[in-house]
Every structure is written in C-alpha cells, then in structure tokens.
Amino acid sequence: MIGELGSFALMLALGLALVLGTVPLAGAWRGRQDWIGPARPAAWALALFVTLSFGLLLTCFAQNDFSIRYVAAHSNSMLPLYYRLAGAWGGHEGSLLLWIQVLALWLAAVAHGSRRLPDEVAARVLAVMGLIAVGFLAFILFTSNPFERLLPAARDGGDLNPLLQDIGMIIHPPLLYMGYVGFSVAFAFAVAALLGGRLDAAWARWSRPWTLSAWAFLTLGIFMGSFWAYYELGWGGWWFWDAVENASFMPWLVGTALLHSLAVTEKRGAFRGWTVLLAILAFSLSLLGTFLVRSGVLSSVHAFASDPQRGLFILGFLAVVIGGALVLYTWRAPALGGGGTFSLWSRETLLLLNNVLLLAATAAVLLGTLYPLLLDALGMGKISVGPPYFDAVFAPLMLPVLALLAAGPFVAWKRDTWKALPASLRHVALAALLAGLAVSFGLGLGLLAAAGLVLASWIALASSLHLWLRLGEGGSWRHRLLRQPASYWGMLAAHVGLAVFVAGVALVKSGESHVDASLRVGATVRAGELEYRFVAMERHDGPNYVAARGTFEVWQGTRRIAVLQPEKRYYPVQQSPMTEAAIDRGWTRDLYLSLGEPAADGGWQVRIQHKPFVAWIWSGVLAIALGGFLAAFDRHYRVRRTAAQPISQLTSLEGVSA
Amino acid sequence: MTRRQKRFLLLAVSLLALGAAAALVLSAFQKNMVFFYSPAQVAAGDAPRQRSFRIGGMVQKGSVRRDADGLSVQFIVTDLARAIPVRYKGILPDLFREGKGVVAQGRLEGGLFVADEVLAKHDENYMPPEAAKALADAGGGAK
C-alpha cells in the first residue's frame with residue numbers, strides 16, 4: 001500500500017512539475033500576471049509531494065518491506081536502522097529519488113527566498129527548475145521506479161554493500177547532491193536571464209548567494225567522499241582520480257570559475273555572456289556526473305546497452321537540457337550587451353586568467369575521464385589513464401592560479417598599475433619564498449612540493465596582509481573587525497583554506513611512507529622512528545558481520561603513543577571481506593594501519609603507513625566550504641532591490657569579491 | 001599602447017596560454033595512457049616490452065602461491081585461451097580470489113608479468129570490464 005502511495009505521489013508531482021514548467025513561462029512571455037501567480041504555489045506543492053514520496057520510501061526501508069524490489073536489493077533485516085535508511089540512496093532508483101528530493105528542497109528555498117525578486121523573474125527561475133523536475137520525475141516513473149513490487153516478496157533483503165555501511169554513506173550523497181542540484185538554481189537564473197533578455201548587475205547579485213551555497217555544499221560533499229575513502233577503503237589514499245571522483249570535481253572546478261566570474265558581473269557588469277555560459281556548463285557537468293555515476297556506464301559501457309531505455313532517456317535528457325540551453329545562449333547572448341572595459345593590469349584580467357586556467361583544468365579532467373569510455377564504446381580498444389596523467393596535468397595548471405590568487409585582492413577593478421601594489425606585498429612575497437624554501441630544504445622535499453609550500457605561504461601571508469591593511473586605523477578593534485562584511489571573511493577563509501590544503505597536499509605527497517610486513521602475534525616491526533608491536537588477535541563480531549581484530553601498540557622509544565585496532569571483516573550475506581583500517585590521527589601525522597590476509601604460517605599481512613599532515617588537507621577543505629557559506633549569507637544579498645541600479649553606483653558598495 | 005593594441009596583446013597572451021595548456025595536457029595524455037592486453041595478446045607478442053600496461057582475466061584456480069616472506073605472491077591470469085604468470089609484492093585487494101576476475105598493471109619481464117598494482121573491485125558480481133572482455137573474446141563465459 002505504501003509503495004503504491006509513493007508512486008502516486010510521484011505522479012502527482014510530475015503533473016505539478018508540468019504545470020510549473022509551462023504556465024509561468026508562458027505568463028512571463030505574454031506578461032499575464034494570472035499565469036505568473038501559480039509559480040510559487042506549484043513549486044511548494046511539487047516539493048511537498050516529492051518529499052512525501054521520499055518519506056514513504058524511507059518508511060519502506062524502516063519497515064523492512066521486502067515486497068518492494070528496490071528495498072529487497074539494498075537492505076537486510078539484520079542491518080541497523082540508520083544504515084537501512086541510508087540504503088534508500090544506496091542504488092540507482094533511490095539515488096535518483098534523492099536527487100529529485102534535493103531539487104524539491106532547492107525549489108522550496110527559491111520559492112521562499114525569491115520574494116524579493118520581481119515576480120516575472122522568480123516565475124521564470126521556478127519554471128526552469130520545474131522543467132528539470134519534469135525530466136527527472138519522468139525518468140524515475142518510466143524507467144527506474146523505486147516502488148516497483150517484487151512478486152513473490154523476498155524473505156530477506158540482499159543487504160547493502162559493506163563498503164556503504166558507514167556514516168559516510170549517510171552524509172556524503174545528500175551533501176554531494178545539495179551541491180550538484182544546487183547548480184540547477186544558477187542554471188535556472190541563467191536561462192531565465194536569457195529568456196527575459198535582462199542580465200545586469202542585479203541579476204548577478206540575485207544569482208550569487210545561490211551559486212555560493214551550492215558550491216559550498218559541493219565542496220563539503222567532495223570532502224566527505226574523500227574523507228570516507230581515506231578511512232574506509234583501507235589503503236590510505238585520499239584522492240584516486242577515478243571517474244566517480246572526477247564526476248564531482250569537474251562541476252566544482254567550473255563552479256569555482258563561475259563564482260569568480262559572477263563577482264565581476266556583479267561589481268563591474270563585465271563577463272556577462274561568459275558568466276551565463278559558465279552557469280550552464282556547471283549544471284551540465286553536474287548532470288553528466290549524476291548520470292556517469294548512476295547509469296552504470298563506468299563499470300561497463302555496455303551496461304548502457306543492456307538497458308537501452310534508460311540509456312536513451314539519459315542521452316536524450318542531456319541533449320535537451322544542455323543543447324537547449326546552448327541554443328538559447330547563441331540566440332539570445334548577443335542581445336545581452338558587453339560589459340565594462342578594463343585595462344591589462346586590473347582585477348578583471350586576473351579573474352579572467354583564473355577562469356581560463358580553471359576551465360583548462362576542467363577540460364583536462366574531462367578528457368582523461370571520458371576519452372577511455374568513448375574509445376571503449378566505439379570498440380576501439382581499452383585504455384586507462386591513471387593518477388600520473390592527472391597529476392602531471394593538474395599541478396602545472398594550478399600553480400599559476402595559486403600565484404595570482406594571492407595578489408588578486410590587492411589589485412583594483414578596471415585599471416591599476418604594478419607600482420600601486422603596496423611595498424609590503426613585495427616583502428611578503430620575499431618572506432613566503434624564503435620560508436617555503438627553508439622548510440622544503442630542511443625536509444629535503446622535491447621541486448613540486450617546494451613550489452607548493454612557497455605558494456601556500458604566499459597565499460597565507462598575503463591574505464593576512466590584506467586583512468591587516470583593510471582593518472586600517474581608527475576605532476576599536478572590535479568595531480574594525482565587525483565592520484567587514486561576511487563576504488570578505490568568506491573570501492579570506494576560502495583562500496587561506498586553500499593555502500592550508502595545498503601545504504597539506506605537498507607534505508603528504510612528498511613525505512608519506514609505508515612498510516609492509518607479515519607478522520605473528522608477539523612480533524614487532526620498526527617503521528621509521530616508531531616500533532609497532534602486534535599484541536593480540538581476537539574475534540570481534542558486529543551485528544551483521546564477523547571480524548578478526550588485531551591490537552597493535554605503537555612505541556616511540558620507551559613511550560607508548562598509540563594503540564591501533566584494525567579489523568578484517570567478513571559480511572556473510574554479500575559474502576564479501578572488508579578491511580577496516582585503524583588510524584591514529586594528529587595535526588602533523590596520521591599513523592595508518594591495515595590488515596591484509598592471514599598467511600599460511602599463522603602470521604598476518606600488515607601495512608603500516610605514515611602520512612604526514614593529512615589533517616591539513618581536511619581542515620583546508622572545510623575552511624574553503626565555510627568560506628562559501630559565509631559569503632552566501634552576506635547581508636547585502638538580502639537587501640531588497642527591485643530596480644537594476646547603474647553599475648557605477650554598485651562599484652561604490654562596500655563588499656568584496658573574488 | 002592604444003586600447004586596440006592592449007586588446008590584441010591580451011588576446012595573444014590568452015591564446016598562447018591556452019595553446020601551452022593544450023600541449024601540456026595532450027603530451028601528458030600520450031605519456032600516461034595505459035593500454036590493455038588480454039593474456040592471448042600478450043602471448044602473441046602484441047604487448048609492449050618497454051612500457052607499463054594492463055592485463056586482465058581470471059585468476060586461475062589453484063595457481064596462487066605465496067613466498068616465505070608472506071608478502072610476495074605469484075598467480076596465473078588466464079583468459080581460458082592463454083595464461084600469463086604474474087608476480088606481485090604487497091597486500092592484495094579484499095576481493096582478490098581464485099576463479100574471479102582481476103586486472104593487473106605492470107611490465108613484462110621475460111615471460112613473467114611483474115605487477116605494481118592489482119585491482120579487484122568491491123562487489124562479488126563485479127568483473128573488471130577489461131577482464132570480462134578478455135574472457136568473452138577468448139570464448140569463455142564472463143562471470
């Protein structure tokens with residue numbers, strides 16, 4: 001019964017989405033207020049019915065309703081409740097429902113937050129999002145309904161993949177989708193601007209907080225995935241450049257370019273067409289990412305052909321959304337008009353370089369991700385490009401971005417000169433160079449790591465200097481600090497976070513080491529300055545698995561600094577073994593220990609890894625995400641401004657950017 | 001400089017930067033492309049001698065032998081037509097099992113494939129696509 005109600009709610013939602021996607025658009029086109037009016041109520045109703053059906057799916061998982069095929073395939077009565085609920089997005093159908101649920105959340109947020117927008121603009125934005133919902137709801141209902149019945153019902157479920165039985169599975173997909181789907185708002189604003197023919201600074205100011213929050217969520221989502229892979233896959237890697245990761249990283253790169261380009265459009269009215277194009281691109285890559293991961297095309301391009309209905313629908317949908325938006329762009333963009341001019345040395349130029357380099361990096365990732373798939377699909381042989389390719393391409397493209405980023409905030413809009421840069425900035429550059437080189441030399445790091453450290457200290461120092469100069473003189477400290485807008489703190493947090501992240505990457509990449517050994521209980525092994533004692537091995541079973549748990553003591557000289565308890569688990573339902581690593585975390589190093597297989601002589605294979613400064617990677621990325629949220633909640637985005645203001649007036653606004 | 005000249009300079013610099021980036025990307029792509037060969041192709045001498053590549057197939061039943069150090073392992077990868085012995089030092093992935101699909105990356109040294117990476121994914125039904133293809137091409141049943 002619950003299953004049928006779920007399907008029914010989805011059908012109603014599809015009907016509402018059709019109304020939302022057409023009537024307000026026509027109303028805005030013909031200027032009929034009575035057709036524009038239903039946009040918000042329809043958006044709310046759509047969100048309500050989607051949420052209802054998602055709630056019903058969760059109920060089916062909670063109640064172990066194995067008469068529903070999807071529940072039977074992704075859950076098991078032995079599974080703890082929270083993993084059963086997370087199992088709702090553990091497979092293809094459910095994760096599509098999660099996607100549309102997240103779209104419903106954004107729809108409601110836009111319906112609520114757009115009260116300050118002119119009705120006509122809000123109607124267009126909501127309608128475009130409604131059209132996207134039509135595509136996804138139709139896809140779910142016609143090809144991948146999670147409420148489909150299984151006859152006869154299964155006695156118990158096939159269980160959730162053990163790798164997914166983790167807190168990461170509960171948090172990671174919703175966060176990632178908040179990011180992916182959040183770009184649909186930026187996309188909807190872009191398409192609405194093309195349709196309405198109005199693309200000015202006010203438009204950029206409306207679109208910016210939405211883009212910023214989507215981007216911040218995406219940052220958190222990627223962070224969570226990487227953090228999860230680090231401890232759960234058991235082998236200590238934190239980024240593998242595999243296609244699934246790349247699928248989420250490409251929209252992030254374009255999203256980053258979009259944020260910076262939006263800043264130019266808001267402050268200076270320039271880069272208009274470019275900004276719109278980036279918004280279209282960011283969402284297109286989000287869609288591509290969703291489908292790459294969810295269609296099964298990655299594990300085999302032929303999975304696509306085995307279910308041609310889904311495959312064709314996906315290709316068709318991508319073609320309509322991306323192709324339609326691009327056609328609209330080529331048709332309407334010339335009418336948008338150019339922006340303000342700027343001289344060669346100006347903040348605009350620096351941001352343009354930022355955009356060009358970020359897009360080049362995106363193109364490189366796209367090539368490495370899709371080309372092997374394409375060759376395979378065409379039957380032209382199988383190739384793979386691994387991390388060496390991405391490392392070789394990515395670092396040289398990002399180093400100039402890092403170098404320019406620190407200088408950006410010091411350079412004025414429109415026109416500036418080299419000489420106008422404060423003399424202290426030169427001292428800071430010199431200090432960063434010396435500090436970075438000294439540390440690199442002291443630790444014996446390679447060239448690339450040294451460059452990373454120099455640039456990281458350059459960004460950190462230059463950002464601090466910028467804050468210092470900006471706080472200026474006069475007034476109490478408290479007053480001077482509080483006077484700065486949230487968007488300024490956001491920019492600082494993101495830039496300094498990036499510096500911390502880069503330093504972490506440089507130190508991990510150049511300083512990590514590992515020792516593989518085969519040990520029996522009672523044996524010890526040395527790894528660097530530390531001694532690992534294999535103290536015990538005992539059985540330690542969980543609710544739905546059996547496990548062997550080893551206990552290792554880590555000694556530094558005569559002091560015991562940590563006890564590590566890695567596990568080797570076996571999940572009977574899926575018949576799969578799992579390595580559960582033990583990690584002793586610290587600000588300057590992680591000790592990472594994982595168990596291999598038992599050897600014939602009663603010993604166990606053990607991999608001991610020493611990973612310096614991994615915590616810096618995590619904290620850097622968290623600071624970047626925090627920066628995004630801070631900027632999104634800047635007060636000046638919430639001030640009511642219905643009429644477009646001339647750009648000259650906008651530039652005088654206190655506020656920052658980029 | 002006049003405005004026109006500045007524009008031209010900006011355009012030229014951007015194009016130059018894009019060109020350099022494209023050159024960098026394509027050369028890195030060329031250098032790091034890893035080709036896949038089935039055991040039959042390796043046996044026929046199609047695989048490169050100097051360059052790292054991937055082989056895939058099934059781990060032959062009863063072929064896994066461990067050395068006394070407990071870490072080095074030798075096994076045979078077969079596409080049911082031809083078989084190639086593989087050597088690897090290190091800890092194998094959780095789902096490495098005899099009779100299941102596997103992909104190894106490494107170099108050919110004499111008749112022995114010395115792997116520096118062994119992949120087997122986390123799903124008991126999963127066959128690495130390369131391995132499935134090798135088996136299918138050789139006329140064996142995938143899975």
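Laboratory data are not the source of any read-out in this text; all were calculated from the coordinates shown. Worth saying up front: this structure is predicted, and the values here are computed from it rather than measured. Every residue, glycine as well, gets a Cβ built from its backbone with ideal geometry; the counts of neighbours run over all protein chains shown.
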Cα-Cα pairs above 18 Å in the stretch A:90-152: how many percent? 46
Part-to-part distance (alpha-carbon centres) for the stretch A:86-128 and the stretch A:402-418, which is given in Å: 37
Would you list the P(r) distribution for the stretch A:488-637, with all Cα-Cα distances sorted into 10 Å bins from 0 and each bin expressed as a whole %? 11, 30, 25, 19, 11, 4, 0
Over chain A, what is the relative contact order in whole percent, taking alpha-carbon pairs under 8 Å and six or more residues apart? 13
Nearest-0.05 FRET efficiency for B:Lys31 and A:Leu326, computed from C-beta distance (R0 41 Å): 0.80
Suppose only helical runs count, i.e. DSSP H with n ≥ 4. What mean residue ellipticity at 222 nm does that imply for the protein assembly as shown under -39500 (n - 2.57) per run, divided by all residues and rounded to the nearest 500 deg cm²/dmol? -19000 deg cm²/dmol
What is the pair-distance distribution P(r) of the stretch B:1-55, computed from all Cα-Cα distances in 5 Å bins starting at 0, with each bin given as a whole percent? 4, 17, 13, 11, 9, 8, 8, 7, 6, 5, 5, 4, 2, 0
If you rank A:Thr143, A:Thr211, A:Thr524, A:Thr579 by fewest surrounding Cβ atoms within 10 Å, what's the result? A:Thr524, A:Thr143, A:Thr579, A:Thr211
Order of B:Lys89, A:Lys419, A:Lys267 from fewest to most other C-beta atoms within 10 Å? A:Lys419, B:Lys89, A:Lys267
Coarse-grained scattering of the stretch A:158-249 at q = 0.12, 0.20, 0.24, 0.25 Å⁻¹, given as base-10 log I(q)/I(0) from a Debye sum over alpha-carbon atoms: -0.49, -0.92, -1.15, -1.20
Whole-angstrom Cα spans of the stretch A:1-162 along principal axes, big to small: 58, 27, 21
Inter-chain shielding metric for A:232-239, i.e. average beta-carbon neighbours from other chains within 10 angstrom, reads 1
Under the rule that an exposed site lies in a DSSP loop and has at most 16 other Cβ atoms within 10 Å, name the longest stretch of chain A with no GluC sites (Glu not before Pro) of that kind, not counting the sites themselves. A:149-472
Order by neighbour count: B:Arg65, A:Arg272, fewest other Cβ atoms within 10 Å first, most last. B:Arg65, A:Arg272
Please list, in chain and number order, the residues 5+ apart from A:Arg149 or on another chain whose amide H is under 5 Å from its amide H, with Hs placed from the backbone. A:Arg69
On the principal axes of its Cα set, how long, how wide and how thick is the stretch A:400-511? Give whole Å, largest value first. 46, 30, 22
Approximate spin-label separation A:Trp29-A:Arg149, in nm, with each point projected 7 Å along Cα-to-Cβ: 4.2
For the pair A:Ala438 and A:Arg559, what calculated FRET efficiency results from E = 1/(1 + (r/R0)^6), where r is the Cβ-Cβ distance and R0 = 35 Å, to the nearest 0.05? 0.75
So which trypsin sites (Lys or Arg not before Pro) in the stretch A:577-639 are both in a DSSP loop and have at most 12 other Cβ atoms within 10 Å of their Cβ? A:Arg638
So what's the convex hull volume per residue for the Cα atoms of chain A, in Å³? 179
Quick check: the distance between the Cα centres of the stretch B:91-117 and the stretch A:316-393, to the nearest angstrom? 36
